[in-house]
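Derivation of every value follows stated rules applied to the coordinates shown; laboratory data play no part. Nothing here was measured: the structure is a model prediction, and the numbers come from that model. As a convention, Cβ positions derive from the backbone with ideal geometry for all residues, glycine included, and neighbour counts pool all protein chains shown.
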Amino acid sequence: MSVVDDFDLQDPDLVANPYPIFSELRKSEKLLWSDRLGLWLAPTYDLANTTLRARTLGRIYQDRLPQSEWEIFNWLHSDSILDSEAPKHTRLRALVQKAFTPGRIESMRPNVEQLCTQLLDDAQLKISQTGSFDVLADYAEPLPVLVIADLLGVPREMASDLRRWSQDIVKMYEFGRTREIELAAQKAGFEFSQYIAGLAKERKVNPKDDLITALVEVEEQGEKLNEHELIAMCVLLLNAGHEASVNGFGNGMVALFNHPEQLQKLSKAPRELSATALEEMMRFDSPLHLFERTATADTVFGEVTVKAGEKVGAMLGSANRDDSVFDNAQTFDIARTPNTHIAFGAGIHFCIGAPLARLEMNTSLPMLFERFPNMQLADQPVQRPTFVLRGFESIPVAIK
Ligand code: HEM
């Protein structure tokens, strides 16, 4: 069997540690066809980066799910920025870009700090009562959910519903889904879209200073944004606005616990090192591992031609470990610079929320280490069984 035949995303050993097989896949330095996944794999930095930037590879799924069962789920995707291409993508992206400029994001810093303080106070109380807290469930997870809810204008009490809907939808992006997963995703798509439709209706009557109101005003002017696009935009922002941030922070914390000298270094100078540390956390164990593109025309990658209609998977996590781009790529170094990882993607779909994700991490990481400079694992972290969205369910931590 060739190395690509061994590449089975449902193999628990591969999910636990995909990095050895990534190294093998990168050795070929060309696109590799996977029969199992039905797509070309782009495992090196150069191939993954080219895949994300190629004009003839689009985020246009040829194989939408049957409309009879999946109507809402389908338009929640096809009418979102993430799954559209120019000119629709250009129009939709321009509408939200203003909310994500570095200046607008910077103005959210006091809100992020206040949320971190509140979560750390709760964690401290939990430690005094039980001796430990869960840095994933009690800190990394609630923070981005609450921040993105505030930005959109969704009441904070909805945080657990948002998290549940998002989790049920994103399980559809993994390989080997079951009927149970499909039914949960359909239900989540229905409930989530109904909820946002209701909120948008309410904002038409009672406008507020939030992103939903701003989008509703655009929709009311007609032409630029229709109702499905408005709902799809909000659902995407709420989901994309926390899923990767939760996992990026969690994966990075586990990397720190697995590298005690790096943990100690960060504990001693959290403010000085957090900016480079967070980029290394994103690179070393990236939260998003595979993004697909479909060829809209035959596309040549060296000796391989991807035929129109075929799919290519950009392997971000593998690209970020490419030794031809990063010095000592397999080494976790929180002071690494430069660090040109592509955990936030590349090209026209480059993550619109990257400045927000960076602000959140650059605030929450030093605040965590200032409050608890002597953290250690209280128990083994529990990993999620998924490949595409890589992360942990729980990371129990105690104070030395
Ligand atoms: C650590 C955190 C994050 C990571 C690693 C991340 C990663 C990514 C990646 C890789 C893409 C490109 C997908 C592709 O090319 O197919 C993307 C797109 C996107 N991200 Fe993020 N993201 C993060 C946080 C956020 C946040 C906080 C938001 C807030 C709203 C957000 C919103 C989006 C949106 C709307 C897109 C689609 C952009 C487009 O299609 O033009 N992300 N993200």
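Largest GNM mean-square fluctuation across THR386, THR51, THR331, computed for the chain with C-alpha springs under 10 Å, falls on THR331.
Anything over 30 Å Cα to Cα? Flag those among LYS98/LYS311; LYS30/LYS88; LYS88/LYS187; LYS98/LYS204; LYS88/LYS208; LYS88/LYS201, in the order listed. Walk me through the numbers before you get to the answer.
On the way: LYS98/LYS311 32 Å; LYS30/LYS88 32 Å; LYS88/LYS187 27 Å; LYS98/LYS204 21 Å; LYS88/LYS208 27 Å; LYS88/LYS201 24 Å.
Cα-Cα > 30 Å for LYS98/LYS311; LYS30/LYS88; rest within.
Contour minus end-to-end for ARG177 and ASP327, with contour as 0.36 nm per residue of separation and end-to-end as the Cα-Cα distance?
Working: separation 150, 0.36 × 150 = 54.00 nm, distance 3.73 nm.
Contour length minus the Cα-Cα distance gives 50.3 nm.
For the options SER28, SER286, SER132, a Gaussian network treatment of the chain with springs between C-alpha atoms closer than 10 Å singles out SER28 as fluctuating the most.
In order along the range 6-23, the Karplus-derived 3J(HN,Hα) couplings, from 6.51 cos²θ - 1.76 cosθ + 1.60 at θ = phi - 60°, round to 6, 7, 10, 5, 9, 7, x, 5, 5, 5, 4, 8, x, 5, x, 6, 4, 4 Hz, and Gly and Pro are given as x. Cross-link reach is defined here as a Cα-Cα straight distance under 22 Å, omitting same-chain residues fewer than 8 places apart; for LYS126 the lysines meeting it are LYS400. Taking every DSSP beta bridge that has both ends in the chain, the antiparallel portion is near 90%. Annotation for the range 120-140 versus the range 196-270: alpha-carbon center distance of 24 Å.
Couplings for the range 203-217, taken from phi via the Karplus curve 6.51 cos²θ - 1.76 cosθ + 1.60 with θ = phi - 60°, read 5, 5, 7, 10, x, 10, 8, 9, 5, 4, 4, 4, 6, 4, 5 Hz in order; Gly and Pro are left as x. The phi torsions of the range 75-88, fed into the Karplus equation with coefficients 6.51, -1.76 and 1.60 and a -60° offset, translate into couplings of 6, 4, 8, 5, 9, 9, 4, 4, 9, 10, 10, 4, x, 4 Hz, rounded to whole numbers, with Gly and Pro shown as x. Between the range 143-183 and the range 31-89, the alpha-carbon centres lie 21 Å apart. Per-residue ellipticity at 222 nm from helix content only, as computed over the chain with -39500 (n - 2.57) for each DSSP H run of at least four residues, stands at -16000 deg cm²/dmol.
Which FRET efficiency value, to the nearest 0.05, is calculated for LYS126 and ILE348 with the Förster distance at 41 angstrom and r the Cβ-Cβ distance? Rounded to the nearest 0.05, the efficiency is 0.40. Go ahead and set up a Gaussian network model of the chain, Cα springs under 10 Å, then flag whichever of GLU303, GLU292, GLU229 fluctuates most. Of GLU303, GLU292, GLU229, the most mobile in the Gaussian network model is GLU303.
Taking 0.36 nm per residue of separation and subtracting the Cα-Cα distance, what length does fully extending LYS307 through SER68 add? Before the final figure, lay out the partial values.
Working: separation 239, 0.36 × 239 = 86.04 nm, distance 2.95 nm.
So the chain would gain 83.1 nm between LYS307 and SER68.
In this structure, the amide hydrogen of ALA269, modeled 1.01 Å from its nitrogen in the peptide plane, lies closer than 5 angstrom to no residue at least 5 positions away or on a different chain.
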